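The values are calculated or read from the model by the stated rules, or taken from the named source; none is laboratory data. Given the structure is predicted, the values throughout are model-derived calculations rather than measurements. Here Cβ is always computed from backbone atoms with ideal geometry, including for glycine, and neighbour counts include all displayed protein chains. Please note that ligands, DNA and RNA were not included when accessible areas were found on the heavy atoms of the full protein model with its side chains. Shrake-Rupley method; radii C 1.70, N 1.55, O 1.52, S 1.80 Å.
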Amino acid sequence: MRSLSAASPLALFRHRPFAVLWGAQTFSGLGDGIFRVAQVALLLRLTGSAAALSGLLLVAVLPGIALALLGGALADRVDRRRLLVGANTVRGLLMAAFAGLALADAVQLWHLYALALLYGGVSALANPAFDALLPALVPRERLQGAQALFLLGDNVAAIVGPALGGVLLVVVGAGGAAAVNALSFGVLVAGLLSLRVGASPVPEGPRPSVWGDIGFGLRYARTQPALLSLLTLFAVINLSGATLAVALPLFVTETLGQPAATYGLYLTAMNVGILGGVALMGALRVRRRGLAILGSLFAAGLLGYLPLALSREVGVGLVAVLLIDGLAMVSNVLYPAWVGAHIPDGYRGRVFGLTSLVSYSLVPVGFAMAGTVAGVLGPPGALLGAGLLLITVAVLGLLVPALRRLE
């Protein structure tokens, strides 16, 4: 591996394996964003039902809950690059088949649900392998910058993709948008095939079953206080984020009495915060990762959620959501970088699988809890509760030695 002596994360692009994978993954994310618009448009055209849309979103999440641990175990049992090539080939073929149905105007509702289920299942099996592959591409000391760059690419794709999807939906229709997404998987597979990295170390000799490997992974996680503490913080962040997603549109339109278009300004501010937070985390060199994550939780609660809940000024709210999403990038960058640097390679896939399980399972739970709290306390009360939760957990986290010492 070539030496990467420059301090800037952008120097990573001079390292061909990283640059190829980053470009291919970002283009694939762009394709996903494009298709997401076509997917929703098709569903609403077929049903016009908000319940059907909610059902589709739930179907897309369920495989992540069911298969995340299995995906993590596979990432530690087989060559990760080959696993990713196979998974993304399947995703591309699924998308190409759907594009054919859409171009023939033959899409039915069950096609959308089947695609969401299969696509979500393959993604759940592949995602831990992708996360665990990155430490093989860059030196340990550059993982924070590498994670920041991948997160930047993902978020740029998530912003630009739907905008392009709206244009393509008008120009080439839903089938054309699906075909572009299928093409993006071809680009990702080509990028993966071009990588020249050592094969993932697979232990020789007899191995337990895949279910036994899952059990070993869970037992390993229970012996790691820092990992368990970080996963707990991750869960709290996700619950607060779910509260924001549910309560914010109600807060803007009902509490503030603003038109729905104003909610778009809040979303824009959140995207600006995400991009700014990622850029900052890529430029900084953080050594005390535990304290940095705890500090970001405390600041998000005190400077983000509390002013948002208590103020009735739109300007204050825009700054608050910008800070909330910007500060969320601290943990989003530092946590996977810590896993890549400190978790043994033989367990890394299973740790990322466990992380995915925590994330996926909290999506429906978080939305249900947030909806209940917002219904009882109102949107401001729900946002206030989320802020107080973050502040409380951050303060209690200082009492955990594993977090205080985490580097």
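So the check is Cβ under 6 Å with 6+ separation or different chains; which pairs have a first residue in region 227-250 that's free of Cβ contacts under 8 Å to residues at least 40 places away in the same chain and a second one that's in a helix (DSSP H, G or I)?
P249/Y263
I'd like to check something: does region 259-266 contain any residue that is β-branched (V, I, T), under 24 Å from P162 (Cβ atoms), more than 20 Å from the chain's Cα centre (by Cα) and open to solvent by less than 60 Å² (accessible area, probe 1.4 Å)?
Looking for residues that are β-branched (V, I, T), under 24 Å from P162 (Cβ atoms), more than 20 Å from the chain's Cα centre (by Cα) and open to solvent by less than 60 Å² (accessible area, probe 1.4 Å), one finds at least one in region 259-266, hence yes.
In region 209-232, what count of residues is obtained for those that are part of a loop (DSSP other than H, G, I, E, B) and either in contact with an Asp or Glu (Cβ under 9 Å, 6 or more places away or on another chain) or over 21 Å from L406 (Cα atoms) (or both)?
1
Looking only at region 308-321, decide whether some residue is closer than 24 Å to S359 by Cα and of a type outside the set (S, T, Y).
First, pick out the residues of region 308-321 that are closer than 24 Å to S359 by Cα: 320-321.
Filter again for of a type outside the set (S, T, Y), leaving 320-321.
Yes, region 308-321 contains at least one residue that is closer than 24 Å to S359 by Cα and of a type outside the set (S, T, Y).
Has region 95-105 got at least one residue that is more than 30 Å from G346 (Cα to Cα), open to solvent by 30 Å² or more (accessible area, probe 1.4 Å), touching a Phe, Trp or Tyr at 6+ places or on another chain (Cβ under 8 Å) and not charged (D, E, K, R)?
Checked region 95-105: no residue is more than 30 Å from G346 (Cα to Cα), open to solvent by 30 Å² or more (accessible area, probe 1.4 Å), touching a Phe, Trp or Tyr at 6+ places or on another chain (Cβ under 8 Å) and not charged (D, E, K, R).
Give the residues of region 387-407 that are touching a residue at least 60 places away in the same chain (Cβ under 8 Å) and not in a helix (DSSP H, G or I), sorted by residue number.
If the condition is that a residue be touching a residue at least 60 places away in the same chain (Cβ under 8 Å) and not in a helix (DSSP H, G or I), then L398, V400, R405, L406, E407 are the ones that fit.
Quick one: how many residues across region 31-55 are surrounded by fewer than 20 Cβ atoms within 10 Å (Cβ to Cβ) and over 24 Å from V187 (Cα atoms)?
Total satisfying the criteria: 14.
I need the full set of residues from region 170-198 which are more than 14 Å from G29 (Cβ to Cβ) and among the small types (G, A, S), in order please. Break it down stepwise before answering.
Initial filter on region 170-198 (more than 14 Å from G29 (Cβ to Cβ)): 170-179, 182, 186, 189-190, 192-198.
Within region 170-198, G173, A174, G175, G176, A177, A178, A179, A182, G186, A190, S194, G198 qualify.
Pairs under 6 Å by beta carbon, first residue in contact (Cβ under 8 Å) with a residue 60 or more places away in the chain and assigned to a helix (DSSP H, G or I) in region 114-130, partner open to solvent by less than 30 Å² (accessible area, probe 1.4 Å) and among the basic types (K, R), six or more apart or different chains?
As it stands, the answer is A129/R80, since those pairs meet every condition given.
Does V59 satisfy the criteria of being out of contact with any Gly (no Cβ under 8 Å at 6 or more places or on another chain), of a type in the set (V, I, T) and closer than 18 Å to F98 by Cα?
no
Please go through region 20-67 and give me each residue that is outside any helix (DSSP H, G or I) and without any contact (Cβ under 8 Å) to a residue 24 or more places away in the chain, ordered by number.
Matches in region 20-67: G48, S49.
Can you tell me how many residues within region 219-251 are under 22 Å from the mean Cα position of the chain (by Cα) and more than 30 Å from R312 (Cβ to Cβ)?
The qualifying residues number 11.
For region 140-148, state whether one or more residues are buried (at least 20 other Cβ atoms within 10 Å of the Cβ) and under 15 Å from the mean Cα position of the chain (by Cα).
Looking for residues that are buried (at least 20 other Cβ atoms within 10 Å of the Cβ) and under 15 Å from the mean Cα position of the chain (by Cα), one finds at least one in region 140-148, hence yes.
Is it the case that region 374-392 has a residue that's open to solvent by 50 Å² or more (accessible area, probe 1.4 Å) and in contact with a Ser or Thr (Cβ under 8 Å, 6 or more places away or on another chain)?
Yes, region 374-392 contains a residue that is open to solvent by 50 Å² or more (accessible area, probe 1.4 Å) and in contact with a Ser or Thr (Cβ under 8 Å, 6 or more places away or on another chain).
Tally the residues that are open to solvent by 20 Å² or more (accessible area, probe 1.4 Å) and either among the acidic types (D, E) or without any contact (Cβ under 8 Å) to a residue 40 or more places away in the chain (or both), restricting the search to region 313-341.
Adding up the residues that qualify gives 4.
Just to be sure I understand, how many residues within region 117-132 are open to solvent by 10 Å² or more (accessible area, probe 1.4 Å) and either over 28 Å from R350 (Cβ atoms) or of a type in the set (A, V, I, L, M, F, W, C) (or both)?
So the count comes out to 5.
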